[in-house]
Every structure is written in structure tokens, then in C-alpha cells.
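A.B. asks: Encoded as C-alpha cells, here's the structure I'll be asking about.
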Amino acid sequence: MLFRLHAHMESYRLRIRLFAAVVVVVFLVLGGRLVYLQVFDNEAYWGASQSNAVREHAVMPARGALYDRDGTLLVDNAPSYTLMLTPRYVDEQTLPDLAGLLGVPDSVVTTRLREAREWSVVRPSRAFSNLSFDTYSRIQEQLYQLPGVSFEVDAQRRYHTDMNAAHALGYVREIDGARLAELRDDGYRPGDRVGVTGIEAAFEPELRGTYGSEFVVVDVRGMEVQSYRNGAEDRPPRSGYNLHLTLDHEMQALAESLFVNKRGAAVALDPDSGEILSFVSHPDYDPAIFTQSVSRAAWDSLQADVDKPLYNRATMSGFPPGSTWKPFMSLVGLEEGIIPPNESQLVDCPAGYRVGNRVFRNHQSKEHGYISLEEALEVSCNTLYYHVMMNLDVNTWADWARRFGFGQEVPFDVNNQLPGLIPDSSYFNRTYGRWTAGYTVNLGIGQGDMSVTPLQLARYTAALANGGDLPAPHFVRYAEHPATGERQMANSPPAEPTGVSPAYLDRVREGMRRVMESGTGQWVSIPNIESAGKTGTAENPHGENHSLFIMFAPFDDPEIAIAVAVENAGYGGSVAGPIASFMAEKYLTGTIADTWERRYWMDRLLNEERSEPIDTTSTPAPDELDPDQMQPEGTPAVPVTTP
């Protein structure tokens, strides 16, 4: 009996020990796991625990402001209200109420919730941007009945001057899905706004700034209760840089007004630095329309407009340069020994120039006889430049054109451009197969198979003004941080020398001065300021000719170089010329002279001169000569005098 009792006690003690051992092991495992989670793996679970009780708000930085060259504020920011959805807390039964408060269909709110859920279940996502203060107030009053709904106060662009400068400034718009996928690693979120075109896009990293964070405690319904740890974990945002631009807003506004009822572009540069003083592409649009949500219908209307207001004509449109090409041809003729180098040696300007069985003529078939090169520019002699072209190899001509920046993209801080067309022998081989020198004769007067952009023309004009160097056009002088005052100067490429002789350039400049004094530009000269210029009328077989004009002023110490091109508007001296003249006068003097001549031209530009409407029923073809009239191979090209 005692033996059985002893054995029973031993068994009991063993079970107690085993149980105790199991309990100890369990506690050791649990304790070890707790230590691991708290000490070694706390970061992996901190975010999840925080999302249960703490909400992180991204604090948007102030986007950098834009100023003109004199410090006038062009663009800054105004408060804007954005509704946020945190999918985890949203009660879908409240979505119809939210839609009613927003004034949108239920399906729109449902779609935005689905998009927010795809982005993150626990993080707030932007669902409706640019809400009015009335809408914000109306929803704020009902917020306690709308779990998962919150607001973020951000900013939208605000414009302060009369100018648009739409193709220079660009615009800011809510980021789309494709761009979001591209920029997600850079911290962009659904609903963020991003620069789309122009300066806003090219300088997006400088303007955007860096987001901050603000943490708040939320209850089980997702309602915000209080700041988390009194803001100890918050991170302030860093504002974007303010950009100080090269634009003159008063000249820009004037130039835009002069393009009423016209299509075309104008570019004005500081000839020494390449600073862009004015940059007009017309028709344009008001960039302020993008501060609000743009409806699909409004966007489609902009894109479908036959006059293409979204199209940047200053850098994307190719024009035959017409007679604005003659200063270039004069320099090439001098450099290649085709035009006599001495001022005392005259050049022949007959009424016509025969190529094969066709005669190419001066304007109105006028014969000027033997004249100086300077006078040839003054009267805009065609036949001299036919002669120069027929004595040039087309590849030599193309090489010189590229030295002046044509046929290639311009170094530019907002790189949205086309190179234009400067043909060489390989181009003609590809395009025509069998060709002769007759295909190239019109290149001598800026016609035929060639095109240049207004930006290229302005840069070329700057080189004529400054002694032969091509400056790099740019919009930004410097970036300055609003909080620290730190400045970052624009890093523009150096000017590119053309290599032309200063003596030859002086002769061409003198010819351009005579254009404005007594030639085809005399009627649009700037009162009391000596200038140099060249008119151009580019022939257009599909409608009214294009009007072009280049000029720089003052003549002795140029401060501005301008190129203007107006589509389907007629003679260069009657439309593009007065626009350029008024722009230069405004920039140099700050005003427009109150004389009858200036009033006359202003009235004509505002009320009479206009671009011929676009014919949407025909498809323009490149300008070219009739192949039947081309010069047969081996036929000499000689000047002729009309009887």
C-alpha cells in the first residue's frame, strides 16, 4: 500500500515538473518573440500599428513663384482645398451623401474611392482637388458623418499680369496615371500637381520643393482627434525655388495684343546674353484655365481648334525665311569670294536671272543695275542672291547655315522645338533622285525646300547684332530660395562663334541700317532710335504669303534683337515689321510715341491686319519649282537684263 502511494506521488511530482517546464518554455518563447518584435523588428510593424491610430498628412510645399526681369511678380500660389479619402475608414453607405455635397454623380465618388484603394488602403489619397471654399465649408460641417473623409489645404497657380506667355511659362496640372507611374519613386502621389509644359515643366524639380509630414491621432472611425506627440514627429516642408526670369512682362503683353486675329510668333533676345525678353506664340491660351479642373469637352475643344492654340509656333513652326535670309547670303557670298570684298566694287542687280529656260525676277521686275552690297540689301535685290546661290555648292551653303544655327535644335532651357530644314545634296538625292542646280536657286532668297523657326531667326539676328556670336537663348536668370536666400545662377552654354569676318559683318549691318533708314523698313523705324532690320515676304502657294521681319536696336550698341513671323498675312514690312518695331520701342523707351505714324500702324495692327483663315480643305505641299522648268544639267546660270 505504501509502495503504491509513493509511486503515485512520484508520478504526480513528475507531471508537475513537466507542466512547469512547459509553462516556462511557453513563457520563454513568448518573451523572446516579444523582445524580437520590440527590439529587433520594430520598424517592420511600426507603420502598421501607427496606421491603426495615427494618420500621416503630407504637407505640400509652396511651389516656387515666377518673377520677370525687373522683379515683377508673374505667378505665385493661392489656397486650394483638396478632399482626401482614406479607404480603410470610408463607409460606402455615405458615398451618396458625399456625392451630393460635392455636386457630382455617385459613380464619380465610387471611382475615386476605387482609385484611392488601389493606391493605398490606409493612407489618405487625393480624390477631389480645387474645391471652392463654399464646397469645403459645406462638407466640413458634415465631416463627423463622413468617416474616412478629410481635407488638405494646398495651392494652385495664380497669375498677376496682363500677359499670358502661355508657351513660355507653361502650366501646372494634376498628374495623370502614366506620369504618376514614372514619378512615384520621386514622392509623387495621386492628385499631385506637376508642370506639364514650358518653364513649369522644365524646372519642375526646382519649383516643386519637398513635402513635409504631419501626424495626427485618429479614432476607430477615422476621425482626427489631436496632434500626435504634440508635433514632435512632424517634418516641415521645404518650399520650391523662386525663378527670376528674363522676360519683360510689359513688352510681352504688348506683343500679344498686336497678334490679335493673327497666327505666328515673335521672339526677342538680348543679343549679348541670349536672355529671352519676349516669347510670343499666337493664338495662345490663358494658363489660368488649368488652375481648375479642365473638363474633357474644354480640353478637346483646345486640341481641336483649327488655329492650334496649344502649338508652340515660336519653336515648332517652320517658315521659309524669305528676304530675312539675304544678310546671311551676303556674308556667305563675301566669305566664299562670290561677292567682291571691297566696298568700292559693285554688284550687278539685273531685273531677272535666267536658270535654264526660266527667269527668276526681282520684285516688280525692277532693274537696279550695278550697286553696292549695302544698297542691294536696302532694295532687297533678288537676282544678286540667285547669282550667289548658283555659284555655291549646296553642301557649302548648308554648312554655313548650320554655323548660323539653322537646321538643328537651339541650345535652350525649355527644350521643346524642331530643327527646321536645311537641305544638302543627300536631302535632294533622297527626295528627288535626279536633280539639278535649278532645284536650289530659290534657296538664295530664303525660299524653296527650307524652313527655319522664329527662335532660330532671333538667334541669327542676335549674332548679326553682337559681332557674329550665336548666344544660347534662355528664360531663367537665377533661382532663389525664399527662406534661405540661396541663389543658383542659370548655367547657360557659351555663345557659339560663327567665324565670319568682322569687316564683312560691318558691311551687312550697314545694309540693314539702310533698310530701316530708306529701304523697305523705313516706314516702321523706331522714332529717334537708329536701328537695323530686314523685311521678308515668304511666298506661299497655298494662300496668302507669310510676313517676316528681323531687326536689332539701337544700331551702335544693340540691346534687343527680334524676329517676327506672321502666317498668311502678306508683306513683311506691313505686318511683322510694325509688330517688331513696337516691341523694340516699348522695351527701349518704356512707351510708344504718340505720333500720327505710330497711331496709324497701331490701328492697322489691331483692327485691319490679320492672318488669312486656314483652309482646312487642302493639304499644303512643300514649295518647289515646276520640274519641267528646272535647269537642264550642264546649262549655265547667267544673269539677264529685261529689255
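The values are calculated or read from the model by the stated rules, or taken from the named source; none is laboratory data. Note that the coordinates shown come from a computational prediction; the quantities given were computed from them, not determined experimentally. We place every Cβ from the backbone using ideal geometry, glycine too, and count neighbours over all the protein chains shown. In case anyone asks, the SASA skips ligands and DNA or RNA and just uses the protein heavy atoms, side chains included. Shrake-Rupley method; radii C 1.70, N 1.55, O 1.52, S 1.80 Å.
A.B. asks: Would you check which residues across the range 471-500 are modelled with pLDDT of 95 or more, of a type outside the set (K, R) and part of a strand (DSSP E or B) and list them?
C.D. replies: Correct list: H474, V476, Y478, A479, E480, E496, P497.
A.B. asks: Take M163 and tell me if it is modelled with pLDDT of 80 or more, under 21 Å from F290 (Cβ atoms), buried (at least 17 other Cβ atoms within 10 Å of the Cβ) and among the aliphatic types (A, V, I, L, M).
C.D. replies: In short, yes.
A.B. asks: Same structure again: For the range 180-216, give me the residue count where each residue is surrounded by 15 or more Cβ atoms within 10 Å (Cβ to Cβ) and outside any loop (DSSP other than H, G, I, E, B). It would help to see each step written out before you state the result.
C.D. replies: Taking the range 180-216 and keeping what is surrounded by 15 or more Cβ atoms within 10 Å (Cβ to Cβ), we get 180, 183, 188-204, 206-209, 211-212, 214-216.
Still in the list and also outside any loop (DSSP other than H, G, I, E, B): 180, 183, 193-195, 198-202, 204, 206-208, 212, 214-216.
Here the count works out to 18.
A.B. asks: Looking only at the range 217-226, filter to residues that are part of a strand (DSSP E or B) and at pLDDT below 75; which one of those is most open to solvent (accessible area, probe 1.4 Å)?
C.D. replies: This residue is Q226.
A.B. asks: In this structure, does A483 turn out to be under 26 Å from the mean Cα position of the chain (by Cα) and small (G, A, S)?
C.D. replies: The answer is no for A483.
A.B. asks: Which members of the range 310-342 meet the condition of being within 20 Å of R507 (Cα to Cα) and among the aliphatic types (A, V, I, L, M)?
C.D. replies: Within the range 310-342, M329, L331, V332, L334, I338, I339 qualify.
A.B. asks: Evaluate the range 509-517: report whether one residue or more is open to solvent by 40 Å² or more (accessible area, probe 1.4 Å), more than 24 Å from Y587 (Cβ to Cβ) and not β-branched (V, I, T).
C.D. replies: Taking the range 509-517 first, the residues open to solvent by 40 Å² or more (accessible area, probe 1.4 Å) are 510, 514, 517.
Keeping just the survivors that are more than 24 Å from Y587 (Cβ to Cβ) gives none.
Within the range 509-517, not a single residue is open to solvent by 40 Å² or more (accessible area, probe 1.4 Å), more than 24 Å from Y587 (Cβ to Cβ) and not β-branched (V, I, T).
A.B. asks: Considering only residues of the range 227-264 that are among the polar types (S, T, N, Q) and either without any contact (Cβ under 8 Å) to a residue 40 or more places away in the chain or under 16 Å from T591 (Cβ atoms) (or both), which is least open to solvent (accessible area, probe 1.4 Å)?
C.D. replies: Filtering first and then ranking leaves Q252.
A.B. asks: Is there any pair linking a residue in the range 152-181 that is farther than 25 Å from V59 by Cα to one that is aromatic (F, W, Y), with Cβ under 6 Å and at least six apart or on different chains, and which?
C.D. replies: From the range 152-181, the pairs are A166/Y285; A168/F279.
A.B. asks: Next question. Output the number of residues of the range 449-485 satisfying the condition of being of a type in the set (D, E) and in contact (Cβ under 8 Å) with a residue 40 or more places away in the chain.
C.D. replies: 2
A.B. asks: Out of R477, R434, R459, which single residue is open to solvent by 10 Å² or more (accessible area, probe 1.4 Å) and under 24 Å from the mean Cα position of the chain (by Cα)? Walk me through how you get there before you give the answer.
C.D. replies: Values: R434 fails: under 24 Å from the mean Cα position of the chain (by Cα); R459 fails: open to solvent by 10 Å² or more (accessible area, probe 1.4 Å).
Being open to solvent by 10 Å² or more (accessible area, probe 1.4 Å) and under 24 Å from the mean Cα position of the chain (by Cα) holds for just one of R477, R434, R459, which is R477.
A.B. asks: Mind checking which helices (runs of 4 or more DSSP H) fall wholly inside the range 278-356 and carry at least 3 residues that are among the hydrophobic types (A, V, I, L, M, F, W, C)?
C.D. replies: Passing ranges, in order: 296-304, 326-335.
A.B. asks: Here is a follow-up. Being assigned to a loop (DSSP other than H, G, I, E, B), within 22 Å of G533 (Cβ to Cβ), out of contact with any strand residue (DSSP E or B) (no Cβ under 6 Å at 6 or more places or on another chain) and not aromatic (F, W, Y) is the requirement here; does Q408 meet it?
C.D. replies: Judged against the criteria, Q408 is not a match.
A.B. asks: While we're here: Could you look through the range 65-95, keep only residues that are part of a helix (DSSP H, G or I) and either in contact with a strand residue (DSSP E or B) (Cβ under 6 Å, 6 or more places away or on another chain) or in contact (Cβ under 8 Å) with a residue 12 or more places away in the chain (or both), and pick out the one that is surrounded by the most Cβ atoms within 10 Å (Cβ to Cβ)?
C.D. replies: L95
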